[in-house]
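A short worksheet on the structure shown next.
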Amino acid sequence: MQELKDIIRDVPDFPKKGILFKDITTLLADAKSYQRMIDHLSHRYTAERIDKVLGIEARGYIIGAALAYKLGAGMILVRKPGKLPSETFRKSYALEYGTDTLEIHVDAIKKGERILIADDLLATGGTAAAVAEMVTEMGGEIVDCCFMVELEFLNGRQRLPEGKVFSLLQF
Ligand code: AMP
């Protein structure tokens with residue numbers, strides 16, 4: 001796992017001063033690392049029934065789509081406003097400064113479907129918490145929230161359903 005951690009590039013002061021950005025593109029670009037990362041994550045869920053993987057725009061799709069394929073699950077998308085063509089369910093949530101909004105197609109989740117939420121990185125947990133609330137409000141059952149990277153010092157997992165958070169690499 002240390003090898004996977006080492007290949008992630010640190011970019012200081014991006015997108016603004018004081019943020020150390022974890023750039024996963026270096027891991028994705030390395031064939032063996034990308035495959036190992038997806039294999040490790042999917043292995044955890046092979047014994048579970050997962051109906052759909054829900055990817056969070058945009059880097060969550062890179063992980064979510066590969067997981068859905070491996071697990072034989074459907075793939076659904078959470079997007080920024082105005083991108084999804086059909087009727088949507090929306091949710092706004094607080095950021096450090098201001099608010100953000102996410103959308104999902106109203107028919108993407110059927111009542112009782114078992115959903116795996118996927119994103120590249122868990123930071124403060126604000127985004128994933130909003131997505132988890134959307135899934136629950138739409139009648140879905142959250143199997144887990146899985147991330148490639150977790151910034152543990154930000155305690156994002158505290159905002160997510162207890163016992164339903166998994167990350168592969170911790171910083
Ligand atoms: P959060 O809502 O704070 O958990 O962060 C949501 C999204 O912001 C994650 O899906 C990441 O893609 C991105 N993000 C936040 N902080 C970082 C960071 N330090 N490095 C890379 N991506 C980040």
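Anything in region 112-139 that is in contact (Cβ under 8 Å) with a residue 40 or more places away in the chain and assigned to a loop (DSSP other than H, G, I, E, B)? List them, or say none.
Once the filter is applied, which keeps residues that are in contact (Cβ under 8 Å) with a residue 40 or more places away in the chain and assigned to a loop (DSSP other than H, G, I, E, B), region 112-139 yields GLU113, MET138.
I need the full set of residues from region 1-31 which are under 15 Å from ILE62 (Cα atoms) and either more than 10 Å from the ligand (Cβ to nearest atom) or free of Cβ contacts under 8 Å to residues at least 12 places away in the same chain (or both), in order please.
If the condition is that a residue be under 15 Å from ILE62 (Cα atoms) and either more than 10 Å from the ligand (Cβ to nearest atom) or free of Cβ contacts under 8 Å to residues at least 12 places away in the same chain (or both), then THR25, THR26, LEU27, LEU28, ALA29, ASP30, ALA31 are the ones that fit.
All but one of (1) in contact with a Leu (Cβ under 8 Å, 6 or more places away or on another chain); (2) of a type in the set (Ser, Thr, Tyr); (3) more than 24 Å from HIS40 (Cβ to Cβ) hold for THR101; which doesn't?
(1)
Considering only region 1-12, state which residues are modelled with pLDDT under 95 and outside any loop (DSSP other than H, G, I, E, B).
Kept after step one, since they are modelled with pLDDT under 95, are these residues of region 1-12: 1.
Matches in region 1-12: none.
Considering only residues that are under 13 Å from the mean Cα position of the chain (by Cα) and more than 16 Å from the ligand (Cβ to nearest atom), which ones fall in region 54-105?
Scanning region 54-105 gives ALA66, ALA68, MET75, ILE76.
The values are calculated or read from the model by the stated rules, or taken from the named source; none is laboratory data. Everything numeric here is computed off the predicted structure, so don't read it as measured data. Note that we place each Cβ from the backbone using ideal geometry, even for glycine, and neighbour counts take in every protein chain shown.
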